[in-house]
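We did not get these values from a lab; they are worked out from the coordinates using the rules stated. Bear in mind the structure is a predicted one, so any value in this text is a computation, not a measurement. Here Cβ is always computed from backbone atoms with ideal geometry, including for glycine, and neighbour counts include all displayed protein chains.
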Amino acid sequence: MSSIHLCDINTCTQCHACESVCPKQCIDFKEAECGFFIPIIDKAVCVECGACINVCHQISYSKGYNLPLYTYAAWSLDENVRTSSSSGGVFSEIARYIIANDGVVVGAVMNKDLKVHHTIANSYENTIPMRGSKYVQSDLSGIYRQVKELLMNGILLLFTGTPCQIAGLNTFLKKDYKNLITCDLVCHGVPSQGSFDTYCDKVCLKRDGVSAVSFRYTQGWGLQMASKKYHASFVKDGKGKWKNISPKRSFYLRAFTKGLMFSEACYSCPYARPERVSDITLADYWGIGSIKPFNYSTTKGVSLLLVNTERGKNVIDECRLFLENRPLEEALKGNHNLSMCSARPSGRDTFCKDLETMSVFSLCRKYGLQPSFKDYLRPLKRMLKI
Ligand SMILES: Cc1cc2nc3c(=O)[nH]c(=O)nc-3n(C[C@H](O)[C@H](O)[C@H](O)COP(=O)(O)OP(=O)(O)OC[C@H]3O[C@@H](n4cnc5c(N)ncnc54)[C@H](O)[C@@H]3O)c2cc1C
Ligand code: SF4
Ligand code: SF4
Ligand code: SF4
């Protein structure tokens, strides 16, 4: 019987690298808690080759980290891109550059069953569903293998995702590919697909025929949930119309902000630090102007853009972006997940179970998730454009 041990629920980030590399295909993912899965080895089949251990970034990460070379406030010069993205639309401009150079873009999309997974786009149009933050863990099953094949064929490839997803890819690939550009996000943590499914059922999104959810629907900068009944996101002028989800039903966003349903690994995340695993890092530029004056309006969204390698710099120099150099200390001051993990609240012990069984009213009361006066005022102000 094999004596190989992979990560447990406290450290596994569900990157699927171990499963992808196993020559005996004897690793399966089983649900452990709160909708998160962990790899289970069929000990009778395992030949103890150690390949899974060698590709696990939580056990064998060796690629190293880069302290940002450049810190920018940035946004897309295309106003439509800027206002329909979570921060300043930098992702879409990098994607545009990669596609224009015959490359492919890998990122997270939500399908019409409201499931989030990584996919590969070879046209700019197909990168549009990747736009916007989905506050759900994205399923990576099989994607690293496909990426490796494309890289070996010399295709220019942009891989985007959370820092652990990039570290997982770096470890899986083992060697550096000059045609690979990696772009991570500053990451607060991820809830499971299971928790999001339970939430959707609870507030009857699926029953109401919803086939797309946005977590950052603001036509500007901020957090606001919205839903759409037709999946029309591939075409700009599609029939689907976004509708705000009411503050009362948007308790998912407040539970996300409070960190009540993250993967256990997120509370001891090794990537919540200024040194980065990617060529480029994107985030919201919270706290802009706190150290050095910033003389532009931020209402349409501002990205924090960290360029961590010369390869990243070469790409950014070719993108259609507003850029202003900023002090790294300002970025660190405004965005705590750049230097520390999200704290594990005591409510994490019970929240996922309660999400399944309690009424929305009781759940919100128990965990302090009731909407504030500001939550009601925000959509109104937006409607009145004040
Ligand atoms: C789970 C999560 C937590 C985050 N936490 C923070 C935070 O604490 N502080 C902060 O400043 N910023 C955070 N961000 C990043 C921020 O919300 C923006 O995504 C980022 O600033 C890029 O914005 P953009 O306007 O350039 O591009 P956008 O178009 O808004 O971003 C799209 C990019 O995000 C990727 N993406 C979207 N959803 C996921 C997902 N579920 N998993 C992996 N990749 C995904 C896409 O692949 C694409 O690369 C988080 C994002 C996610 C997805
Ligand atoms: S040690 Fe080898 S055979 Fe065993 S689970 Fe890991 S990769 Fe598969
Ligand atoms: S390789 Fe990824 S999925 Fe496998 S144990 Fe490590 S973190 Fe978990
Ligand atoms: S907080 Fe860390 S472990 Fe959790 S999803 Fe983000 S990068 Fe991965």
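Rounded to the nearest 0.05, the FRET efficiency derived from the C-beta distance between Thr257 and Cys49 at R0 = 35 Å is 0.25.
Note down the relative contact order for the chain as a percent, whole number, built from C-alpha pairs under 8 angstrom at least six residues apart. Computed value for the chain: 22 percent relative contact order. Each residue of the stretch 52-65 was assigned a 3J(HN,Hα) from its phi angle through the Karplus curve 6.51 cos²θ - 1.76 cosθ + 1.60 (θ = phi - 60°); the sequence is 5, 5, 5, 9, 8, 5, 7, 10, 10, 5, 10, 5, x, 10 Hz, with glycine and proline shown as x. Taking every DSSP bridge with both residues inside the chain, close to 70 percent are antiparallel.
Note on Lys63 and Asn153: the model spin-label points, each 7 Å out from Cα along the C-beta direction, lie 2.1 nm apart. Considering helices alone, the calculated mean residue ellipticity of the chain at 222 nm is -7500 deg cm²/dmol, with DSSP H runs of length four and up weighted by -39500 (n - 2.57) and normalised per residue. Pairs with C-alpha atoms separated by more than 22 Å, drawn from the list Lys178/Lys313; Lys134/Lys175; Lys202/Lys243; Lys24/Lys178; Lys202/Lys300; Lys258/Lys353, are Lys134/Lys175; Lys24/Lys178; Lys202/Lys300. Annotation: amide H-H contacts under 5 Å for Asp284 (H modelled 1.01 Å from N, sequence separation of 5 or more, or interchain): Leu304. Rounded to whole numbers, the Karplus 3J(HN,Hα) couplings from phi for the stretch 75-91 are 7, 5, 7, 8, 4, 5, 5, 4, 7, 9, 9, 6, 10, x, x, 5, 3 Hz, using 6.51 cos²θ - 1.76 cosθ + 1.60 with θ = phi - 60°, and x at Gly and Pro. Report the residues of the stretch 41-67 in range of a label on Lys175: point 7 Å along Cα→C-beta, backbone N strictly under 19 Å from it. Answer for this model: 51, 54-56, 62-64.
Note on Arg311 and Ser339: the model spin-label points, each 7 Å out from Cα along the C-beta direction, lie 2.9 nm apart.
With θ taken as phi - 60° and the Karplus curve 6.51 cos²θ - 1.76 cosθ + 1.60 applied, the whole-hertz 3J(HN,Hα) list for the stretch 156-163 is 5, 9, 9, 10, 10, x, 5, x Hz, x standing for glycine and proline.
Put simply, the amide H of Asp139, placed in the peptide plane, has neighbours under 5 Å in Val116, His117, His118, leaving out anything fewer than 5 places away on its chain.
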